[in-house]
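Read the structure below first, then the notes.
What follows is calculated from the coordinates using simple rules that are stated; it is not laboratory data. All figures in this text were calculated on a predicted structure; none of them were measured in a lab. Backbone-built Cβ (ideal geometry, glycine too); neighbour counts: all protein chains shown.
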Amino acid sequence: MRFPGWYKKLNRSVGRAIGAYGMIADGDRIAVGISGGKDSLALLSILHRRLATIPVRYELFPVYIDPGFEPSPAPVIEDFCSRLGLRLHVEYSRNGIVAHSAENRENPCFLCARLRRKMLFEKTVTLGCNKLALGHHKDDLIETFFINVLYSGQVCTIVPVQSFFGGAFTMIRPLAYSDEADIRSFAEKAGLPVVVNACPSASSSRRSEIKSLLNRFYQSNRKVRGNIFRALHHVNADFMLTAEHLRRHGSLQRSLAGSIDSGQDQPTMDTHR
Ligand code: SF4
């Protein structure tokens, strides 16, 4: 069977991520979180297409948690899934409405995503799935890192594989090595029925702000994006202000205050002040 370039490109990056982390094994029952956006539809589509070309057998269970906005895209997603021979599992909620109500003092996306995640976890367990696949891609990993640094005061991001409830199921992100641009191209060329998010926060989230900020850097130097992604793999904990660093060096630092430099090579952290 001959596949077009846009399919092969995304399939290659998905294969790399799955292989690197051993994400999928024979006999897996994989719940796939669907939002109706290009990422989750592309994820479902490619996991389904790969079944025709790889020796590993697994079952897919698409799950859609409806946030409660009108019109619901559930029928469109349902139709897409049935064309793949899959049944969509829909859970209706008011997560999006609650998140935008006056009682919610948190960021709407924060609460909405937390409620959605809880329902997704419950559905994964109810369906007897041992894996939950989500459509986060390389750009999501980069953007989440900056969101956490700027708004949560933490140096962390979302990871390709994560185990929950003592191994009851494993969350996997097969698009973790995939560029958003390749997913967009795949979604367009494959004619995926991407739905418009009716949520009032859809275009004004913190993620959109970070995305446009990062795009400015990407346009000024094409190496920046790759460098950030590589940096997420190369964390030098010896040069971070961690609790461990304080525990090991705090008192020593105080007793040596004002003494000579150790002479050890330091990474460049010049702030030009
Ligand atoms: S954009 Fe809307 S639907 Fe999406 S997580 Fe934020 S509040 Fe929820």
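Structure notes:
- Loop sites in segment 88-128: trypsin sites (Lys or Arg not before Pro), DSSP, at most 16 other Cβ within 10 Å: R94, R105
- Among the lysines of the chain, pairs at least eight places apart or on separate chains and with Cα atoms under 14 Å apart come to 5.
- The 3J(HN,Hα) values that the Karplus relation (6.51, -1.76, 1.60; θ = phi - 60°) gives for segment 12-22 are, in residue order, 5, 5, 5, x, 5, 5, 4, x, 4, 9, x Hz. Gly and Pro appear as x.
- Residues listed by number, segment 187-229, amide nitrogen under 16 Å from W6 label point at 7 Å toward C-beta: 187-195
- Between 0 and 90°, nearest 10: helix 38-50 axis offset from the chain longest Cα axis: 70 degrees
- By other beta-carbon atoms within 10 Å, ranking F61, F239 with the fewest at the front produces F239, F61.
- Computed over the chain, the ratio Rg/Rh where both radii use C-alpha atoms and Rh is Kirkwood: 1.03
- Neighbour-count ranking [beta-carbon atoms within 10 angstrom, fewest first] of R216, R49, R173: R216, R49, R173
- Counting only DSSP beta bridges with both residues in the chain, the antiparallel share comes to about 20 percent.
- Helix-only mean residue ellipticity at 222 nm for the chain, each DSSP H run of n ≥ 4 adding -39500 (n - 2.57), per residue, nearest 500: -14000 deg cm²/dmol
- Degrees, to the nearest 10: 74-83 long Cα axis against longest axis of the chain: 70 degrees
- Summary of the geometry: segment 18-82 and segment 151-219, compared by the centres of their Cα atoms, lie 15 Å apart.
- Segment 55-159: GluC sites (Glu not before Pro) in DSSP loop, at most 12 other beta carbons within 10 Å: E103, E106
- One decimal place: the segment A102-V56 gains 11.7 nm when fully extended, by the rule 0.36 nm per residue minus the C-alpha distance.
- Distance distribution P(r), segment 101-258, all Cα-Cα pairs, bin width 5 angstrom from 0: 1, 7, 11, 16, 17, 17, 13, 8, 5, 3, 2, 1, 0, 0 percent.
- Measuring nothing but how far apart in sequence close Cα pairs (under 8 Å, 6+ apart) lie, relative to its length, the chain scores a relative contact order of 22 percent.
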